[in-house]
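A.B. asks: Before I ask anything, let me first share the structure, which is written out below as structure tokens.
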Amino acid sequence: MNQALQEQKSMESKDNYRVLVVDDDIELCRMMKEYFARVGYEVESAHDGCSGLCRALGGKYDLIILDGMLPALDGLEVLRQLRRRSSIPIIMLTARTQGTDRVMGLDSGADDYLPKPFLPEELFARIRAVMRRWKGGSLAQAELYHFGPLELNVAAQSAWYGAEPLDLTGTEFQILEVLVRASGRAVSRDEISAVLYQRESSPFERSVDVHMSHLRKKLDSKGLAQIITVRGVGYVLSEGTNEQ
């Protein structure tokens, strides 16, 4: 062990943090686990967005290291869902170089943002800085989303069409929020199930379909945006005609 690592281990010996790494790069997860074990951190990993969200909400972690590009559930959506329920420190990782991605991550509640590739020592330094700054913090901040004249207020859990409120259940609101934020991308049942129940959907489970049907009827009755079923893929919000 080199001198720098010995100094790091000495500095952090009193802080045996438990860290969850959510990244589909299995080799990177293994390397981080080995590196941080040397400084007294306990590291676990998840390799897709759905399982990462479930593990993050169900485990007693001190910090989450979250990749921005994940299968099953996008990293930014995992971040948003975590911020609705937890103030745990989160460091985002990404291979994307666009500044807009960094802004989106920070605006969605990330405590820090690190582009790939990176040195383990830099990530370690950022973890220490984040943990020094972190003192609890608040839960989800107020967010407004729009789809045409449809407006969603996440903090108030309310939806409006112009000046008219929509009478939605909490589950229906969550589904609509996911569809609005997907910006025209088809959202799978597994993604919706991960947001609603923090687990993947079962092939025989119909609860998502039932809630989706109720939400469809409410939107149809108002002549609002339509939820289209994309066979074999999922659901997408559209201003066109709903063809199933």
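A.B. asks: Looking only at segment 138-148, how many residues end up being assigned to a loop (DSSP other than H, G, I, E, B) and at pLDDT 80 or above?
C.D. replies: Restricting attention to segment 138-148, the residues satisfying the condition of being assigned to a loop (DSSP other than H, G, I, E, B) are 138-143, 148.
Those left that are additionally at pLDDT 80 or above: 148.
Adding up the residues that qualify gives 1.
A.B. asks: So which residues in segment 16-37 are out of contact with any Ser or Thr (no Cβ under 6 Å at 6 or more places or on another chain) and surrounded by 15 or more Cβ atoms within 10 Å (Cβ to Cβ), if there are any at all? Walk me through how you get there before you give the answer.
C.D. replies: At the first step, the residues of segment 16-37 found to be out of contact with any Ser or Thr (no Cβ under 6 Å at 6 or more places or on another chain) are 16-20, 22-28, 30-37.
Listed by number, the residues that qualify are Tyr17, Val19, Leu20, Val22, Asp23, Asp24, Asp25, Leu28, Met32, Lys33, Tyr35, Phe36.
A.B. asks: When you scan segment 29-137 for helices (runs of 4 or more DSSP H) that lie fully inside it, which ones turn up with 2 or more residues that are within 30 Å of Leu179 (Cβ to Cβ) and modelled with pLDDT under 90?
C.D. replies: Numbers: elements: 49-58, 75-85, 99-107, 120-133.
Correct list: 49-58, 75-85, 99-107.
A.B. asks: Further question: Keeping to segment 150-176, report how many residues are within 15 Å of Leu215 (Cβ to Cβ) and in contact with a Phe, Trp or Tyr (Cβ under 7 Å, 6 or more places away or on another chain).
C.D. replies: Residues that pass the stated criteria total 5.
The values are calculated or read from the model by the stated rules, or taken from the named source; none is laboratory data. This one's a predicted model, so the numbers in the text were calculated from it and none came from an experiment. For neighbour counting, all protein chains shown are included, and Cβ atoms are generated from backbone atoms with ideal geometry for every residue, glycine included.
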